[in-house]
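Each remark here refers to the structure printed beneath this line.
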Amino acid sequence: MDKEEIKRLFDKYNTGQATEEERALLESWYVKNTSEKPLDLSAEEIEDDIQEVFSVLPKPRHILAMWFRVAAAASIILCVSIGGYLLIHKNKLTQQTAQTHDIAPGGNRAILTLSNGRTIDLSAAKNGKLANQGSMVISKNANGQIVYADSEDNSPSQNNGFNIAATPRGGQYQLVLADGTKVWLNAASSIKYPVVFNGNERRVELTGEAYFEVAHNKEKPFWVISNGQQVEVLGTHFNINAYGDENAVKTTLLEGSVKVSSAGKDKILKPGEQAQLEGGNIRVAEVDVDEVVAWKNGFITFNNADIKSIMRQLGRWYNVDVSFTGDISELRSFSGDMPRSAPLSEVLKALELSKINFKIDGNKVIVSP
C-alpha cells in the first residue's frame, strides 16, 4: 500500500467507518511489517518499531508509546493519535474487551445560574443571546462559548450580582467573562463570578478544575479562590486542579506570574512550575505543562500515575462510578495519552494490557487484578 492509501485506511479505521475487508487489509499490513520482530523488545527496538510504523504517516500532534509499568518490568503498547486513535499491539490488535455495553465520553454540558436564580441549560441553548443582566448581554457564540459583553442599556445597579457556571460529571464548558478573561471548566467543576468586575479587584471562586487566560489589567488584580487557597494574578495563563477527592490542590503556571497563598504562606510561580498545596504546606515543582492542560486540549493524559488516580479522572469525564475488588498493587504506575473523544472501552482496553481487568456494569466500572 502507498502512503496515501495507508493514511486513508487509518482515518476510516479511527472513525469506525472501515469495512471488514479494509480492517483486515490494514491489520495484515501491520502484521506483515512487524511480524519478523521478536515480542520481547529492547528500548532501541521499540523505537525502531515506532519509526517503522509511523514513517509512512503524517506527523500528528501526539505520537507516542504508552508504557505500562509494573515495578521494574514494562509491557508496551503503541498509541497513535491521528485526529482519532488506533491501538496497535502484536497479537492484541483484534482483541475485544468483554463489556456489557460501552460508555460515550463527556461533552459540552453545563448549567448557568443567573443572579436572579434563573437557570439555563447551556448544552440545550441555541446560539445567540441568552439573557440581559443590567448593561451586560450574555450570549452563546458559534463556538459554544458563553460570552459577556456590554449592551447599550447602561444599568450598573443591576450588575452587582454573581452568576455560577457549573459542569456535571461528563461535562466541560468555556466562558468569556466581562473583563475578557477566558475560562475552560473541566468536568464536575463550577465557577462563581460577578456579572461585572466593579471595584479595584476581580475575584472568582472555583471548585474542581479550570484553565484561565486572564485579561491583563494591572489596576485590577485577578483572584481565584479554591479549596483553601488564593491565587493572585495580573494577567496570565494557568491551570488550577482543586477537586475535593484529590490529595493536593495543584496550580500550574504556563505564562506570566502568579502568587499562591494559603494560611499565611505563599509562593510565587514561574512558567513551568506547579504549586502543590497539601496538608497546609505549599510545595513547588517543575512539571510538564502540556500534560497538565491535556484535558483542555482534548486528551486524557497520565504520567506515572496509579490506577486509582486514573480512575478518578475517567470517572469524572465518563460519568461513571468506580469500585475496586481484590488486591490492586499500589506499585503499578501507568503513563499514556489518548483522545478524550474515545469511548470508555477503548481506554480500558489499553489499561487491560497491563494485567488489570475491567467490567462495565450499567453506569459502574469494576476494577480487579
Within segment 148-173, restricting to residues that are open to solvent by 80 Å² or more (accessible area, probe 1.4 Å) and of a type in the set (S, T, N, Q), the one that is modelled with the lowest pLDDT is SER157
Verdict on GLN313 being in contact (Cβ under 8 Å) with a residue 12 or more places away in the chain and open to solvent by 30 Å² or more (accessible area, probe 1.4 Å)
yes
In segment 233-253, residues that are under 19 Å from VAL292 (Cα atoms), open to solvent by 50 Å² or more (accessible area, probe 1.4 Å) and not acidic (Asp, Glu) total 3
Of (1) of a type in the set (A, V, I, L, M, F, W, C); (2) within 26 Å of the chain's Cα centre (by Cα); (3) at pLDDT 90 or above; (4) more than 17 Å from LEU351 (Cα to Cα), ILE103 fails just (4)
Going through segment 197-229 in order, the residues found to be among the aromatic types (Phe, Trp, Tyr) and either within 30 Å of GLN313 (Cβ to Cβ) or modelled with pLDDT of 95 or more (or both) are TYR211, PHE212, PHE222, TRP223
Flagged in segment 263-273 as in a strand (DSSP E or B) and either modelled with pLDDT under 95 or open to solvent by 20 Å² or more (accessible area, probe 1.4 Å) (or both), in numbering order, are LYS265, ASP266, LYS267, ILE268, GLU273
Those residues of segment 174-211 that are in a loop (DSSP other than H, G, I, E, B) and either surrounded by 21 or more Cβ atoms within 10 Å (Cβ to Cβ) or not acidic (Asp, Glu) (or both) come to a total of 14
Scanning segment 212-232 residue by residue, those in a strand (DSSP E or B) and open to solvent by 10 Å² or more (accessible area, probe 1.4 Å) turn out to be GLU213, TRP223, ILE225, GLN230, GLU232
Subset of segment 274-302, residues surrounded by 15 or more Cβ atoms within 10 Å (Cβ to Cβ) and of a type in the set (S, T, N, Q), comes to GLN274, GLN276, THR301
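The values are calculated or read from the model by the stated rules, or taken from the named source; none is laboratory data. Small disclaimer: the values here were computed from a predicted structure and weren't measured. Glycine gets a Cβ as well: all are built from the backbone with ideal geometry, and neighbour counts include every protein chain shown. In case anyone asks, the SASA skips ligands and DNA or RNA and just uses the protein heavy atoms, side chains included. Shrake-Rupley method; radii C 1.70, N 1.55, O 1.52, S 1.80 Å.
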